[in-house]
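J.: Right, I'll just put the structure down here and ask away after.
Taken together, the values in this text are just the output of simple stated rules run on the coordinates, not laboratory data. Remember, it's a predicted structure, so these values are computed and weren't measured experimentally. Ideal geometry is used to build each Cβ from the backbone, glycine not excepted, and the neighbour counts take in all protein chains shown.
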């Protein structure tokens, strides 16, 4: 019976592990994207005056949440574009004039604070365009929220199913000791006294199943990470979250849920046998 209980818990937790890895990976993508796009780029007109440039700088510095302001000349922008183009950079060598504008790169603490900055700067003289990535972040956050909600629903269903499975599995063990439980009840043993060993047994089953699932999920994900991380970056421009960074989270969640499932399953399976 113990093997069936441990196997049931391990199977459920492994499915749960897939969901958790997905949620943690999505969170990592969101945080990584926010770090990449926590800046506002202010494109300047070619005929902007020194006074107008100073006004742009001072206005930006006065906005709460601004960390730094860096001036990027059109020559620097072209060099960066060449680096981004890599092997195709030679196509930019034949340009007669540099079409890129001078700009300011303004780093902010949080993109949520960028809207106030944009509204204050975009109407200033000498400013051609202001570019930032709030729409991208908003869509990504919305997608991440859907994933979290869906993940929580799946987790809740899996926990319910696992409690049902472990309850019925342990119920078979309890049923085989029904006569022993009845005798203990008749001689005056309390429900807590009788229930204790079964709960401990259920918790041990849960913890053992959790440990097995932790190893399987961790090493399976490590294999995926080692073989697919670069491919994921090439396709989606982000890296998978490292196995080491999720190990502690997975371990804590699995051990807690495993012990809880085992205890709850034991309590539910004993309920009718204690009504003597």
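J.: I'd like the FRET efficiency for residue 252 and residue 52, computed as 1/(1 + (r/R0)^6) with the beta carbon distance as r and R0 of 41 Å, rounded to 0.05.
T.: The value I calculate is 0.15.
J.: Could you give the nm distance between label points at residue 87 and residue 186, where each point is 7 Å from its Cα heading toward the beta carbon?
T.: So the label points at residue 87 and residue 186 sit 8.6 nm apart.
J.: Follow-up. Using Cβ contacts closer than 10 Å as the measure, can you line up 264, 184, 152 from fewest to most?
T.: 152, 184, 264
J.: Based on the inverse mean of 1/r over its pairs of different Cα atoms, what is the Kirkwood hydrodynamic radius of region 38-132, in Å?
T.: Values: mean 1/r = 0.0707 Å⁻¹.
Every distinct Cα pair counted, the radius reaches 14.1 Å.
J.: On a full-extension model of 0.36 nm per residue, what is the gain between residue 115 and residue 215, subtracting their alpha-carbon distance, rounded to one decimal in nm? Numbers along the way, then the final one.
T.: Working: separation 100, 0.36 × 100 = 36.00 nm, distance 4.55 nm.
That pair, residue 115 and residue 215, stretches by 31.4 nm at full extension.
J.: How far apart, in nm, are the 7 Å Cα→Cβ label points at residue 79 and residue 226?
T.: Result: 4.1 nm between the two label points.
J.: Within region 114-158, find all residues whose amide N lies under 17 Å from a label point positioned 7 Å from the Cα of residue 107 along Cα-to-beta-carbon.
T.: Once the point is set 7 Å along Cα→Cβ of residue 107, 114, 133 turn out to lie under 17 Å by backbone N, inside region 114-158.
J.: I would also like to ask the following. Determine, for each peptide in 155-163, 50-58, the mean count of other beta carbons within 10 angstrom over its residues, then list the peptides with the highest first.
T.: On the way: 155-163: 16.0, 50-58: 14.0.
The densest-packed peptide leads the list: 155-163, 50-58.
J.: In nm, to one decimal, how far is the modelled label at residue 70 from the one at residue 135, with both set 7 Å along Cα→Cβ?
T.: Inter-label distance under the simple model: 2.5 nm.
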